[in-house]
1. Which one of these is over 16 Å from Glu14 (Cβ atoms) and either in contact with a helix residue (DSSP H, G or I) (Cβ under 6 Å, 6 or more places away or on another chain) or touching a residue at least 12 places away in the same chain (Cβ under 8 Å) (or both): Leu48, Leu41, Leu73?
2. How many residues does segment 37-70 hold that are assigned to a helix (DSSP H, G or I) and either in contact with a Gly (Cβ under 6 Å, 6 or more places away or on another chain) or surrounded by 11 or more Cβ atoms within 10 Å (Cβ to Cβ) (or both)?
3. Based on what the data block shows, is Tyr4 touching a residue at least 40 places away in the same chain (Cβ under 8 Å) and among the hydroxyl-bearing types (Ser, Thr, Tyr)?
4. What's the total number of residues in segment 14-28 that are within 15 Å of Arg70 (Cβ to Cβ) and part of a helix (DSSP H, G or I)?
5. If we keep just the residues of segment 12-36 that are surrounded by 14 or more Cβ atoms within 10 Å (Cβ to Cβ) and small (Gly, Ala, Ser), which is nearest to Thr2 (Cα to Cα)?
6. Working carefully through the options Leu9, Leu34, find the one that is within 11 Å of the chain's Cα centre (by Cα) and in contact (Cβ under 8 Å) with a residue 24 or more places away in the chain.
7. Across segment 2-30, which residue is modelled with the highest pLDDT among those that are among the hydrophobic types (A, V, I, L, M, F, W, C) and in contact with a Ser or Thr (Cβ under 8 Å, 6 or more places away or on another chain)?
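The values are calculated or read from the model by the stated rules, or taken from the named source; none is laboratory data. This is a predicted model, so every value here is computed, not measured. We place every Cβ from the backbone using ideal geometry, glycine too, and count neighbours over all the protein chains shown.
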Amino acid sequence: MTVYVNGKLLRWVELVSSPEEMRDGKMKRAMYELCALVDQLFNSVDDLDTLSAIDEETLAVAMQTLIVYRKSLESDSK
């Protein structure tokens, strides 16, 4: 549940943040924490075929959040 809530919250923060805020160290640390939570969830599953619908949605939300963050940093560096 922590991954789900953090992923949803960070996705919202991405939507309302300026490019400067996206590059802030606090945002970077938050994304590192989300990565760690995703890693924990992923490593707690023995077989990906047994993921519950909630776990699948949780991973999807977290991964989408991380992808949007990475793309925002890439677009700022161009």
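1. Details: Leu48 fails: either in contact with a helix residue (DSSP H, G or I) (Cβ under 6 Å, 6 or more places away or on another chain) or touching a residue at least 12 places away in the same chain (Cβ under 8 Å) (or both); Leu73 fails: over 16 Å from Glu14 (Cβ atoms).
That would be Leu41, the only listed residue that is over 16 Å from Glu14 (Cβ atoms) and either in contact with a helix residue (DSSP H, G or I) (Cβ under 6 Å, 6 or more places away or on another chain) or touching a residue at least 12 places away in the same chain (Cβ under 8 Å) (or both).
2. The first filter runs over segment 37-70 and keeps only residues assigned to a helix (DSSP H, G or I), leaving 37-43, 48-50, 53-70.
Narrowing further to those that are either in contact with a Gly (Cβ under 6 Å, 6 or more places away or on another chain) or surrounded by 11 or more Cβ atoms within 10 Å (Cβ to Cβ) (or both): 37-42, 55-66, 68-70.
Final tally of qualifying residues: 21.
3. Details: touching a residue at least 40 places away in the same chain (Cβ under 8 Å): yes; among the hydroxyl-bearing types (Ser, Thr, Tyr): yes.
In short, yes.
4. 5
5. Filtering first and then ranking leaves Ala30.
6. Working: Leu9 fails: in contact (Cβ under 8 Å) with a residue 24 or more places away in the chain.
That would be Leu34, the only listed residue that is within 11 Å of the chain's Cα centre (by Cα) and in contact (Cβ under 8 Å) with a residue 24 or more places away in the chain.
7. Restricting attention to segment 2-30, the residues satisfying the condition of being among the hydrophobic types (A, V, I, L, M, F, W, C) are 3, 5, 9-10, 12-13, 15-16, 22, 27, 30.
The next check asks that each one be in contact with a Ser or Thr (Cβ under 8 Å, 6 or more places away or on another chain); those that pass are 3, 10, 22, 27.
Numbers: Val3: 77, Leu10: 86, Met22: 87, Met27: 90.
My answer is Met27.
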